[in-house]
Each structure stands twice: as C-alpha cells, then as structure tokens.
Amino acid sequence: MTSLILRRLGFAAFTIAFVSMVMFAAVEALPGNVCTSFLQRFAQGPRLERCIEQQGLDRSAIVRYGDWVSGAVQGDFGYSLKKRKPINELIWDRFSNTMILGGIAALLAIPFAVFLGIAAGVRRDKPLDLSLSGAAMLAMTIPEFVTATALIYVFAILLQWFPAVTILPPGASFMQMLPNIVLPVVVLSAVLIAHIMRMVRASVIDAMSSDYVQMARLKGVPEHQIIRRHAVPNAMIPALNVIALTIAWLLAGVVVVEKVFNFPGLGTLMIEAIYDRDLPLVQTIALIFSVIYVGVNLIADLAALALDPRQRRKGH
C-alpha cells in the first residue's frame, strides 16, 4: 500500500512538473517576449529595458525556468507587469475567495448528489428516477452563464433578495461574503449535482444487477441491507474518479461564474490578467489551477485504493 501511495505521489509530482514546463514553453513560443507583448507599441527605449531587466529576459530560458520553479516552490511567483506588485501578494486573497466559493459548492453538492443518485438508481425507471434524470440532463445542457443570468434576474432584480454583483473590500470576512456567494454557489452546485448524480445512479444500477447482490437476495437478505452494505459501497468506487473530475471541472466553471457575478476570485483575476497581457500572472494562476486539478485526482485515487482491495492487489 505504501509503495502504491508513493507511486501515485510521484506521478502527481511529475504531472505538475510537466505542466509547468509546457506552460513556460508556451509563453516562450509567443512572438516577441513577455515585455513586448505587454508593452505593445511602447516596447522600446528605457521602458522596455526596465521590463527586460525586471523579468530577467536577458538570461537563458532554462535558467529563467529554473528560477521560476524555485521561486514558485517557495511561494515567490515574481512580479505582475500591470499591477507592479509581487504576484503572491495579488493571488492569495483571491485564492482564498475562490476556495471558499468552490469549497462550499462542493460540500453542498456532493452529499446531495450522491443521495439523489442512490435514490434514482435503486428506483430505476420509476417516476422518481425519470424526474431526477430529466432534471439532471436539463442542468447539464444549460451553460453556467445562462443559469447565472436567470438567477440574477429573478433573485437580484425582481425579488431583490441577493446582490446582482459582488462588491467586497479586500480581506472581507466570511459573513461579509455570505450574501454575495449564495447565487454563485447555486449555479456551481447545479451542474455538480447533475454530473455526480448521473454517475452514482449508473454505478448503483450496475451494482444492483451484479451477481453478489442477486446472491444476497436469494439468501433472503433484506433489501435495505443489500443497498446499504453491498450496492452503495461498491457503487461508490467507480464514482470517485468521476466525482474528482467533476470537482476539477469546477475550476472552469468558477472562472465563468466569478466573471458573471464580478466575484473577486482567481478566475476574475485571470481574465483581467489575460486582458492586460500580464503573462507572468496568467502563468501563475494556470499553474495553481493545474496543481488543484492534479491534487483532487490524487485524493480520488488514494480513496479508491483505500476502499477497493482489488486495486491494491493489482499494484503488487
């Protein structure tokens, strides 16, 4: 088990290192360099020289990549070209805001989606299953910005229960954020619930039709015990990876939702950085998203190893 965990950790570290190299190489492959892209028609004279010196562009790409990785490991991501501040000072408040938004959405959506998926799976083709599956398909097909716009119109403009856009001071407390995160959390949770519910439903249906469940029924085991002891634990193992991928997808949804609600998170900051051609800041936020993506999938892999002895035997 220890060797399998170390192997998973090593693969996760390799993936993050590879992603960092790809992102750095992509920036290097752009026409000109970071400074000419940012300064555009002003890329000349002392202004260009100061930018080149600040970004260390007079050194080789390998040396700059090594310095960037070394700094990133220590929490030093360099300087923002547009805001002229250390990037680590810009991202941490935004990072905590995004984690609060995504974390609340995940904490609310995952248990609810698992419950609905189990309920739909054990009542396959019954009215409850058909209604839940139909609602899930509808939620999956509507883009987040459409759902967000509809919620803003109903709950912010017509009913005036929640603010339409987020206006928060830097370092705002959770209680200050609370009225502003309700609608964004609802938008993110809707799609999470739909994807996870459908996967759990499919896994429960497979488990309920398996040989060990049929054998338990022949032995006279009550149906509620079959569901609780046999079907649900085995159904959750293949569902874990889909749950992890869905949570990782949440990163893309966060970018859209934060922009619609003007929420001060990493997604909004990334869009601003792209608009400003602030490539060091874009590169840093993309790396953070990649680390989160790999970390969530690593947790799912380790959970699957803990729940499924068959995977541990395969590793040996």
- prompt: Taking 0.36 nm per residue of separation and subtracting the Cα-Cα distance, what length does fully extending residue 212 through residue 249 add?
  reply: 9.9 nm
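Just to be sure I understand the rule: take each whole DSSP H helix in the chain, project its Cα atoms onto its long axis, keep it if the span is 20 Å or more and its mean Kyte-Doolittle hydropathy is at least -0.5. Which ones pass?
On the way: long enough: 2-29 (40 Å, 1.53); 87-122 (50 Å, 1.43); 127-141 (21 Å, 1.11); 174-208 (46 Å, 1.56); 232-261 (39 Å, 1.74); 279-307 (42 Å, 2.00).
Within the chain the helices that satisfy the rule are 2-29, 87-122, 127-141, 174-208, 232-261, 279-307.
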- line: With a Förster distance of 41 angstrom and the Cβ-Cβ distance between residue 262 and residue 28, calculated FRET efficiency to the nearest 0.05 equals 0.80
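Where Lys and Arg each count +1 and Asp and Glu each count -1, what net charge lies around residue 223 among other residues with Cβ under 12 Å from its Cβ?
Value of the local net charge: +4.
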- prompt: Sorted by accessible area with a 1.4 angstrom probe, largest first, how do 16, 226 fall?
  reply: 16, 226
field: Max mean-square fluctuation residue, GNM over the chain, Cα-Cα springs under 10 Å, options 18, 95, 263
entry: 18
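Keeping all protein chains in place and using 1.4 angstrom, which order do 98, 36 fall into by accessible surface area, from largest down?
Descending order: 36, 98.
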query: Calculated from DSSP H runs of 4 or more alone, at -39500 (n - 2.57) each and per residue, what is the 222 nm mean residue ellipticity of the chain, nearest 500?
result: -25500 deg cm²/dmol
query: What is the Cα coordinate range of segment 127-269 on the first, second and third principal axes, sorted by size from largest, in whole angstrom?
result: 62, 31, 25
Label point distance in nm, residue 6-residue 164, each placed 7 Å from Cα along Cα→Cβ: 5.9 nm
query: Any idea how far the Cα center of segment 181-239 sits from the one of segment 269-286, in Å?
result: 40 Å
statement: In debye to the nearest 20, the charge dipole size for the chain, taken about the Cα centre with +1 at each Lys and Arg Cβ and -1 at each Asp and Glu Cβ, equals 740 debye
message: What number does segment 207-262 give for Rg over Rh if you use C-alpha atoms and the Kirkwood radius?
response: 1.35
statement: Once the dipole of the chain is set up from charges on Cβ (+1 Lys and Arg, -1 Asp and Glu), the residue from the list 24, 225, 86 lying farthest towards its positive end is 225
task: Provide the gained length on full extension for the span residue 16 to residue 142, in nm with one decimal, where the gain is 0.36 nm per separating residue minus the Cα-Cα distance.
output: 42.2 nm
task: Could you tell me the accessible area of residue 203 in Å² (1.4 Å probe, neighbours in place), rounded to the nearest ten?
output: 10 Å²
- prompt: Which peptide among 62-69, 216-223, 104-111 comes first, and what is the full order, when sorted by highest mean count of other Cβ atoms within 10 Å?
  reply: 104-111, 62-69, 216-223
message: Heavy atoms only, 1.4 Å probe, whole protein assembly: order 209, 290 by accessible area, highest first.
response: 209, 290
- request: Taking H placed 1.01 Å from N in the peptide plane, check which residues at least 5 places from residue 79 or on another chain put their amide H under 5 Å from its amide H.
  value: 87
statement: Rh (Kirkwood, all Cα-Cα pairs) for the chain, Å, reads 22.4 Å
- prompt: Excluding ligands and nucleic acids, what accessible area in Å² is computed for residue 152 using a 1.4 Å probe, to the nearest 10?
  reply: 30 Å²
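The values are calculated or read from the model by the stated rules, or taken from the named source; none is laboratory data. Just so it is clear, the model here is predicted, and its values are computed rather than measured. Here the Cβ is made from the backbone with ideal geometry for all residues, glycine too, and neighbour counts use every protein chain on show. Heavy atoms of the whole protein, side chains included, go into the accessibility calculation; ligands, DNA and RNA do not. Shrake-Rupley method; radii C 1.70, N 1.55, O 1.52, S 1.80 Å.
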